[in-house]
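Asks: Take this structure first; my questions come after.
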Amino acid sequence: MTFTWTAHRFAGGALALDVANSIVLRFDPERRIDRFTDVAALDSFADAATRFGAESGRFGVLVPVAEENRGRLLLLREATDRHFRAEISDAGRPDLLADLLEAIAGVLRGPKHQGGRLSLDTATAQSALALAANPEPDRLKICPNCGWLFLDRSRNRSRTWCDMAVCGNRNKAKRHYRRNREEAAS
């Protein structure tokens with residue numbers, strides 16, 4: 001099966017969050033999908049992040065992660081997810097921050113550029129470091145539909161869904177369906 005990255009997959013608002021969200025249904029072992037287990041999908045993520053990512057202007061054209069650095073990117077992805085989920089739930093822990101900083105350092109110690117362009121892993125490390133250094137806890141949220149991490153950039157910080165066009169509409173459709181079933185049953 002061929003997978004294509006779409007704008008919806010970059011609803012996190014920061015590259016580090018989009019990378020963390022590369023695992024679909026993270027907490028459902030039966031249906032969990034890790035998009036980065038497919039090397040072609042991982043390699044195409046850099047181009048898609050350049051086209052669709054909220055931080056594309058900051059990093060420019062990204063290049064894929066070198067094969068020898070893929071493991072470090074995956075460690076960074078998991079540390080990012082654990083740390084920011086804990087921050088959102090007000091259970092921030094120094095050990096999770098330390099894990100995140102170690103993962104960032106591991107990536108940043110490696111090669112940063114390929115052909116004059118920033119590599120995906122380096123840009124992701126810089127994005128995670130910026131999020132950790134300038135936390136906006138009231139803007140960092142978890143989508144109640146898909147469980148993805150995202151930054152709420154709305155003026156009044158009232159955004160609920162990672163992407164209104166996908167998760168928001170799915171939730172609205174579920175409520176509409178339930179309401180119609182309840183009315184038909186009564």
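Asks: Inside region 52-98, can you point out the residues that are assigned to a helix (DSSP H, G or I), open to solvent by 40 Å² or more (accessible area, probe 1.4 Å) and in contact with a Lys or Arg (Cβ under 8 Å, 6 or more places away or on another chain)?
Replies: Of everything in region 52-98, those that are assigned to a helix (DSSP H, G or I), open to solvent by 40 Å² or more (accessible area, probe 1.4 Å) and in contact with a Lys or Arg (Cβ under 8 Å, 6 or more places away or on another chain) turn out to be PHE52, ILE88.
Asks: I would also like to ask the following. State whether the residues of region 7-28 include one that is of a type in the set (Gly, Ala, Ser) and over 22 Å from LEU140 (Cβ atoms). Let's see the steps before the verdict.
Replies: Of the residues in region 7-28, the ones of a type in the set (Gly, Ala, Ser) are 7, 11-14, 16, 20, 22.
From what's left, over 22 Å from LEU140 (Cβ atoms): none.
Within region 7-28 (the criterion being of a type in the set (Gly, Ala, Ser) and over 22 Å from LEU140 (Cβ atoms)), the answer is no, since none of the residues qualifies.
Asks: Quick check on region 37-51. Is at least one of its residues under 19 Å from GLU136 (Cβ atoms), open to solvent by 70 Å² or more (accessible area, probe 1.4 Å) and in contact (Cβ under 8 Å) with a residue 12 or more places away in the chain?
Replies: no
Asks: Now, a different point. It is to be established whether one or more residues within region 122-142 are open to solvent by 40 Å² or more (accessible area, probe 1.4 Å) and small (Gly, Ala, Ser).
Replies: yes
Asks: Is there a residue being open to solvent by 10 Å² or more (accessible area, probe 1.4 Å), assigned to a strand (DSSP E or B), touching a helix residue (DSSP H, G or I) at 6+ places or on another chain (Cβ under 7 Å) and over 16 Å from ALA14 (Cβ atoms) anywhere in region 99-114?
Replies: No: region 99-114 contains no residue that is open to solvent by 10 Å² or more (accessible area, probe 1.4 Å), assigned to a strand (DSSP E or B), touching a helix residue (DSSP H, G or I) at 6+ places or on another chain (Cβ under 7 Å) and over 16 Å from ALA14 (Cβ atoms).
The values are calculated or read from the model by the stated rules, or taken from the named source; none is laboratory data. All values derive from a computational prediction rather than experimental measurement. Glycine gets a Cβ as well: all are built from the backbone with ideal geometry, and neighbour counts include every protein chain shown. To get the accessible areas, we keep the full protein, side chains included, count just its heavy atoms, and leave off ligands, DNA and RNA. Shrake-Rupley method; radii C 1.70, N 1.55, O 1.52, S 1.80 Å.
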